[in-house]
Amino acid sequence: MAQARQAGLLALKGQQSSARLDVDCLLAAATGLSRSQILAFGERLLSYVEDEQFSALLDRRQRGEPIAHLLGQRDFIDFTLKVAPCVLIPRPETEHLVEAALEQPADRVLDLGTGSGCIAIALARAWPESTIHAVDYSTEALAIAQQNAQALKVEHISFFTGDWYEPVAQYRYDLIVSNPPYMGLNEPELQQGDVQFEPSLALTSGTDGLSALRQIIAGAAARLNARGRLWVEHGYQQAKAVRDLMAAHDLVNIETRYDLAGQERITGGRAQ
Ligand SMILES: C[S@@+](CC[C@H](N)C(=O)[O-])C[C@H]1O[C@@H](n2cnc3c(N)ncnc32)[C@H](O)[C@@H]1O
């Protein structure tokens, strides 16, 4: 095991900043052992099949494929989600969005652009009595979200395919939450790291990245019950634009929260 680990580290060195963690995760996937067992059983040799599998995973990682795609899963808050190339890989920043949303209980909840279902499922696990609706334009993403909800035994989320508010036009909510696509079409980051392997529908929204946020914010007040709240995630340079949009669309008590890197990342407002 120690030998394979060393070879893996050499292969990814200088290429992936998370080389050590990546190698341990790939070894765990190839052998079925836990990461701590990998460290503890340095003397153990890989079987032929394990070695082949580890080499294949390492090759794909060297080509830049995200670890979450190689493992087919990603942890989010306190649960594990299935992920595939048709959904955004859930990010740690989005845990802040869930944290903000959970501050005040809500009976009727809407998650716009649910992707893997990470936000809707986190809220549903915390609020077993609430009615939760989750919308996505991608039927493939919705299939993954539904599989995740089923695997985690969360039964009170209804899933809708369509364009933002369109499939749920007849409902009103106490909370609307969204992590929409918010990168501009020409941002250089789109050619780097994990995002190269993620769907553009989940990443980009017009040249300034604000098209989806404009639609979601513009439609929120009419779909919120009195004093209902909207929380959205956005790019770190978009906070002021998002606050201005919320104020222009009749939301009050507008506030922005920071992510762990100290960047403005989450903004919320409430209906009057
Ligand atoms: C940034 S991803 C967020 C996924 C997930 N909520 C998360 O936080 O990891 C944005 C999601 O919005 C969906 N989306 C993009 N345009 C949409 C639209 N017009 N209507 C509904 N969903 C849309 C994408 O398919 C994608 O799943």
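What follows draws every value from the coordinates through simple rules; no lab data is involved. The shown structure was predicted, so the numbers you read here are calculated from the model rather than taken from an experiment. Reconstructed Cβ throughout: ideal geometry from the backbone, glycine too, with neighbour counts over all protein chains shown.
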Item to check | Helical mean residue ellipticity (222 nm; -39500 (n - 2.57) per DSSP H run of 4+; nearest 500) of the chain | outcome: -11500 deg cm²/dmol
Item to check | Ranked list, fewest to most other Cβ atoms within 10 Å of each Cβ, for 153, 82, 13 | outcome: 153, 13, 82
Checklist entry - Which percentage, to the nearest 5, of the DSSP beta bridges contained in the chain is antiparallel? => result 40 percent
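For a distance above 22 Å, tell me the whole-number percent of Cα pairs in segment 150-264 that qualify.
More than 22 Å apart: 42 percent of the Cα pairs in segment 150-264.
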Checklist outcome for this item: Between the modelled labels at residue 20 and residue 197 (7 Å from Cα along Cα→Cβ) the distance in nm is 2.2 nm
Checklist outcome for this item: Label model pair residue 60, residue 78: point-to-point distance (7 angstrom along the Cα→beta-carbon line) in nm is 3.1 nm
Item to check | Neighbour-count ranking [beta-carbon atoms within 10 angstrom, fewest first] of 118, 86 | outcome: 86, 118
Checklist outcome for this item: With label points set 7 Å from each Cα along the Cα-to-Cβ direction at residue 261 and residue 34, the distance between them in nm comes to 3.2 nm
Item to check | For peptides 185-192, 264-271, sequence by mean Cβ density within 10 Å, most packed first | outcome: 264-271, 185-192
Item to check | Radius of gyration and maximum dimension Dmax of segment 2-64, Cα, Å | outcome: 10.6, 29
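With N set to the number of residues, divide the alpha-carbon radius of gyration of the chain by 2.2 N^0.38 Å and report two decimals.
1.10
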Next on the checklist: Please rank 127, 164, 231, fewest neighbouring Cβ atoms within 10 Å first, as an exposure proxy.
Outcome noted: 127, 164, 231
Checklist entry - What lysines sit close enough to residue 13 to cross-link, taking a C-alpha to C-alpha distance under 28 Å and skipping anything fewer than 8 places away on the same chain? => result 82
